[in-house]
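Taking it in order: structure first as structure tokens, then the write-up.
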Amino acid sequence: MAAGARAGPRRQVEVWRSLFRIGVGVYWLYFASQKWPEPLGFGPTHGIGWMQPLMARAAEVSPVPVLHELLTQLVLPNWQYFALLQAAGETLAGVLLILGIATRPAALLATLLALNLSLTVAFTVADIGVRWLYYLPVLASFEVFVSGSGAIAVDRARWVPGWLRA
């Protein structure tokens with residue numbers, strides 16, 4: 001009876017992990033959609049053009065000397081390439097997390113994307129409280145990386161190849 005009594009709460013934890021993973025995936029897909037071209041994108045912005053002034057401002061205010069040089073010397077001259085990489089990475093991470101395919105690699109990608117934003121764009125915001133909106137996705141994405149996909153995920157299906165399981 002003790003094993004059966006524990007199965008219910010364990011199942012609830014696994015369902016919660018899935019819902020949390022899906023929520024993090026929706027977060028990434030929403031912010032990726034702001035970088036998509038106009039007929040596809042959602043929100044107040046479309047395309048990647050709005051990111052160039054933001055990248056320039058991030059390079060200007062970065063308090064990290066190495067990061068400042070990297071942004072100035074590498075990212076700004078090639079801003080379109082880096083903006084497209086960010087948008088593609090956010091889209092890929094969001095879709096994979098929502099579906100629950102390759103969850104841990106997708107969550108690691110999301111964590112790296114969030115670190116990128118928290119080390120660059122967050123410094124363009126003067127209000128430290130608002131900066132936490134950039135720091136929290138690092139923690140949320142890393143939590144999905146640690147916890148895995150949960151009970152409701154495509155990678156739980158038997159037909160999914162082993163390399164796509166997390």
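The values are calculated or read from the model by the stated rules, or taken from the named source; none is laboratory data. Just so we're clear, the structure is a prediction, and the values are computed from it rather than from any experiment. Using ideal geometry, Cβ is built from the backbone for each residue, glycine included, and neighbour counts are taken over all protein chains shown.
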Inset, instruction - Kindly list, by first and then second residue, each pair from a residue in region 43-57 that is under 14 Å from residue 33 (Cβ atoms) and part of a loop (DSSP other than H, G, I, E, B) to a residue that is of a type in the set (A, V, I, L, M) and modelled with pLDDT of 85 or more, limited to pairs with Cβ atoms under 7 Å and residues at least 6 apart or on different chains. - result: 48/83; 48/84; 48/87
Inset, instruction - Kindly indicate the residue of region 21-35 that is touching a helix residue (DSSP H, G or I) at 6+ places or on another chain (Cβ under 7 Å) and among the aromatic types (Phe, Trp, Tyr) and also surrounded by the most Cβ atoms within 10 Å (Cβ to Cβ) among those meeting that condition. - result: 28
Legend entry - Filter result for residue 127 (out of contact with any Cys (no Cβ under 6 Å at 6 or more places or on another chain), more than 19 Å from residue 51 (Cα to Cα), buried (at least 19 other Cβ atoms within 10 Å of the Cβ) and of a type in the set (Asp, Glu)): no
Legend entry - residue 157 being modelled with pLDDT of 90 or more and within 26 Å of residue 12 (Cβ to Cβ): no
Legend entry - Output for region 104-118, where each listed residue is over 14 Å from residue 91 (Cα atoms) and hydroxyl-bearing (Ser, Thr, Tyr): 118
Inset, instruction - Could you tell me which numbered condition residue 150 fails, if it satisfies all but one of (1) part of a helix (DSSP H, G or I); (2) under 22 Å from residue 20 (Cα atoms); (3) not hydrophobic (A, V, I, L, M, F, W, C)? - result: (1)
Inset, instruction - Could you pull out the residue among 80, 52, 73, 86 that is of a type in the set (S, T, N, Q) and closer than 20 Å to residue 135 by Cα? - result: 86
Legend entry - Number of positions in region 140-165 that are within 18 Å of residue 30 (Cβ to Cβ) and either surrounded by fewer than 18 Cβ atoms within 10 Å (Cβ to Cβ) or among the hydroxyl-bearing types (Ser, Thr, Tyr) (or both): 1
Inset, instruction - Output the number of residues of region 64-118 satisfying the condition of being within 14 Å of residue 142 (Cα to Cα), surrounded by 18 or more Cβ atoms within 10 Å (Cβ to Cβ), free of Cβ contacts under 8 Å to residues at least 24 places away in the same chain and not small (Gly, Ala, Ser). - result: 1
Legend entry - Selection status of residue 144, under 14 Å from the mean Cα position of the chain (by Cα), over 26 Å from residue 69 (Cβ atoms) and either in contact (Cβ under 8 Å) with a residue 24 or more places away in the chain or in a helix (DSSP H, G or I) (or both): yes
